[in-house]
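Read through the structure below, which is laid out as structure tokens, and then see the notes.
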Amino acid sequence: MTGPIPAPASESGAFFPVPEFDLSGTMDGGQAFRWTPIDGGTGYRGVVARTVLEIRSAKDGLLVRVVAGEPADTSGIRSYLGLNDDLEGLRTKYAEDPGLGPALSGYLGLRLLRQDPWECLCGFICSATSNIPRIKSNMAGLASTQGERIGPEPGDFAFPGPEAVAAAGEQAARDLGWGFRARYLAVAAVAVASGKFVLERLLDLSYEEARDALVTLDGVGPKIADCVLAFSLMKGEAFPVDRWVRRAMEEWYGAPEKMSNDAIGQMARERFGQDAAYAQQYLFHRQRLAARAGS
């Protein structure tokens with residue numbers, strides 16, 4: 001399928017054939033923060049650029065409807081949802097891996113999103129010492145107060161660009177509950193809006209160069225940088241390390257308890273190479289769901 005999906009699309013939407021797609025794990029698993037469950041969790045509604053989309057699972061694929069805003073190009077949707085990624089190839093490659101092998105075979109269809117770098121950066125600046133419900137609330141507040149409404153539902157706002165966020169300033173974000181993160185958001189917005197920091201240029205840099213550039217932004221440490229690189233800038237070597245991933249690396253790969261997060265990330269890159277970002281997401285997913293099952 002190629003070409004645009006009109007806005008609004010037909011009632012049936014556009015069908016994307018894909019053998020496996022974990023809708024909740026992908027849309028609501030900590031990569032992106034502006035997707036809302038609909039139809040009892042069998043679908044998700046969210047905004048990509050200036051398009052409001054509804055995505056539902058269907059037999060042998062996905063149904064995607066444009067319900068408001070601008071038309072969406074099918075190739076752009078495929079890229080955003082990671083539909084071109086070869087999950088079967090990853091399963092074959094890592095079938096004997098003690099941690100990743102069972103995760104890939106046990107949680108079919110978990111995919112990496114390809115988000116807008118600016119929105120992704122804001123989401124993970126917001127994530128510092130926070131949790132997913134709070135991040136969602138903070139990001140929704142930023143969009144609804146500083147972005148443009150493009151649809152009828154409460155979440156149907158285009159995410160505000162860096163110029164709008166810079167103009168609103170730090171206090172506006174504090175008023176929305178961003179707390180200490182408001183300063184980091186404001187500083188990043190000024191840097192990007194002024195052209196002093198061009199996120200898209202990181203696409204042309206190596207992983208190491210792009211990471212080094214991102215951590216020059218105030219409030220952006222190695223973990224936030226790796227999240228932005230993995231979930232928006234297509235750096236396959238990125239391996240964000242949080243408590244879940246650390247536990248996975250200790251349990252299945254023998255990482256010492258006192259090993260630094262940076263050293264764990266390097267250990268993962270040496271093992272997984274360009275597949276590190278996918279490995280991280282699957283290990284994170286497996287470890288987190290295992291903990292829930294045991295609670």
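The values are calculated or read from the model by the stated rules, or taken from the named source; none is laboratory data. As the structure is a computational prediction, the values presented were derived from the model and not from experiment. Backbone-built Cβ (ideal geometry, glycine too); neighbour counts: all protein chains shown.
Just the residues that are among the acidic types (D, E) and over 23 Å from T216 (Cβ atoms), please, taken from segment 140-197.
Taking segment 140-197 and keeping what is among the acidic types (D, E), we get 148, 153, 156, 163, 170, 175.
Scanning segment 140-197 gives E148, E153, D156, D175.
Filter segment 143-166 for residues that are in contact with a helix residue (DSSP H, G or I) (Cβ under 8 Å, 6 or more places away or on another chain) and small (G, A, S) and give the result.
Within segment 143-166, G147, G155, A158, G161, A164, A166 meet the criteria.
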Scanning for something over 24 Å from E96 (Cα atoms), at pLDDT below 95 and more than 21 Å from the chain's Cα centre (by Cα), does segment 284-292 turn up at least one residue?
-> yes
When P98 is evaluated against the numbered criteria (1) surrounded by 18 or more Cβ atoms within 10 Å (Cβ to Cβ); (2) in contact (Cβ under 8 Å) with a residue 24 or more places away in the chain, which criterion, by number, is the only one it fails?
-> (1)
Residue in segment 223-232 that is more than 17 Å from the chain's Cα centre (by Cα), more than 18 Å from D275 (Cβ to Cβ) and not in a loop (DSSP other than H, G, I, E, B) present = no
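For segment 194-246, give me each residue that is acidic (D, E) and surrounded by fewer than 24 Cβ atoms within 10 Å (Cβ to Cβ).
E200, D204, E208, E209, D212, D218, E237, D242
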Give the residue that is modelled with the lowest pLDDT, with candidates limited to residues of segment 20-63 that are over 20 Å from G141 (Cα atoms) and of a type in the set (S, T, Y).
-> T42
Out of all the residues in segment 71-91, is one or more in a strand (DSSP E or B), in contact with a Leu (Cβ under 9 Å, 6 or more places away or on another chain), under 30 Å from A290 (Cα atoms) and among the basic types (K, R)?
-> no
